[in-house]
1. Per residue of the range 39-49, in order, report the coupling 6.51 cos²θ - 1.76 cosθ + 1.60 (Karplus, θ = phi - 60°) as ³J(HN,Hα) in whole Hz, putting x for Gly and Pro.
2. How high is the relative contact order of the range 4-87? Use alpha-carbon pairs under 8 Å, at least six apart in sequence, and give a whole percent.
3. Please check: in the Gaussian network model of the chain (C-alpha springs, under 10 Å), which one of Lys140, Lys119, Lys152 has the largest mean-square fluctuation.
4. Can you give me the long-range amide H partners of Val147? Hydrogens built in the peptide plane at 1.01 Å from N, cutoff under 5 Å, separation of 5 or more residues or another chain.
5. Net charge near Glu113: determine it from the other residues with C-beta under 13 Å of the C-beta of Glu113, scoring Lys and Arg +1 and Asp and Glu -1.
6. Ignoring everything except DSSP H segments at least 4 long, calculate the 222 nm mean residue ellipticity for the chain; use -39,500 (n - 2.57) per segment, divide by total residues, nearest 500.
7. Provide His175, His84 in ascending order of the number of other Cβ atoms located within 10 Å of each residue's Cβ, fewest first.
8. Note the angle between two axes, namely the Cα long axis of helix 70-87 and the longest principal axis of the Cα atoms of the chain, as a number of degrees from 0 to 90, rounded to the nearest 10.
Amino acid sequence: MFIQTEATPNPATLKFIPGKVVLAEGTRDFRAGEDTAASPLAAKLLSIDGVLGVFFGSDFITVTKDATEWPHLKPAILGAIMEHYMSGAPVLLASGPADAAEGDEFFDAADQETVETIKELLETRVRPAVAQDGGDITFKGFKDGIVYLHMKGACAGCPSSTATLRHGIQNLLKHFIPDVHEVRAA
């Protein structure tokens, strides 16, 4: 098994590509200290000293570290991923809850059409680009012209995330939706 690694815009996060499906649908984000019972792989990765977060995308895994240097962490991470896939165990157990669902969203019912347009633009133009960098951005809410987005994976805590929100996503949404005045991280 060959696992590729790619740098992300976040120097504390590295993208691992196992060449196999990681999650068939959706994404999952696990942080140190959270319950990892839903994922044996996340539990194994978070047990490595220096690993602070694990994010699963469709065909990649991003790992976020503390101040520990990558040359010290990469062999243990690669070994854990390889061992997991060789065992045939699932990445997520069937009983594991999904990441925050649409039920956690907030917006006024009068803004339903605007919210649908925001979600469509996020799904078709933003999320594919962000996934290339090892992260994900999901809609959380819309109120008073402000779009609230949840940043996951490599995007969470990334030094360039503010620029991505302000100059990339905000400009895109404002261009297509006059009701949008600002974009903020939720």
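1. Values per residue, Gly and Pro as x: 9, x, 5, 4, 4, 5, 5, 6, 7, 7, 4 Hz.
2. Relative contact order here is 31 percent.
3. Answer for the Gaussian network model of the chain: Lys119.
4. His181, Glu182, Val183, Arg184
5. So the environment of Glu113 carries a net charge of -4.
6. -7500 deg cm²/dmol
7. The order, fewest Cβ neighbours first, is His175, His84.
8. Taking Cα atoms only, the helix is inclined about 80 degrees.
Just so you know, all these numbers are worked out from the coordinates, no wet-lab data involved. Just so it is clear, the structure is predicted and the values come from calculations on it, not from any experiment. Please note: Cβ atoms are built from the backbone with ideal geometry, for glycine as well, and neighbour counts cover all protein chains shown.
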